[in-house]
Amino acid sequence: QDLLDNLVEGSLFLETVVGSDGNVSDITVLDGNQELATPLREALWRERYEPVRYRGRPASVNVYRLISRMEVRAPLT
């Protein structure tokens with residue numbers, strides 16, 4: 001939550017590869033500011049998942065995430 005609170009306006013599009021053991025094996029920033037993505041990437045590396053099963057066996061998957069922040073204010077009247 002702290003990472004999202006400190007994220008400046010804009011978007012990050014990331015690809016996370018989750019291995020058959022449920023651990024993150026790769027993270028790629030596909031679009032957005034690489035420097036701003038660093039703390040978010042560090043947090044994503046620590047995530048663990050229930051392994052996906054394909055035909056009863058654990059499998060690797062790619063997870064795509066769009067993380068966006070925009071400040072919305074009510075119009076001044």
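Readers should treat all values here as calculations from the given coordinates under stated rules, not as data from a laboratory. Here the structure is a predicted model, which means the values were calculated and not measured.
The figures follow:
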| item | result |
| --- | --- |
| Added length on full extension, which subtracts the Cα-Cα distance from 0.36 nm per residue, SER20 to ALA74 | 14.8 nm |
| Equivalent-ellipsoid semi-axes of segment 35-74, from the Cα gyration tensor, Å, largest first | 31, 14, 8 |
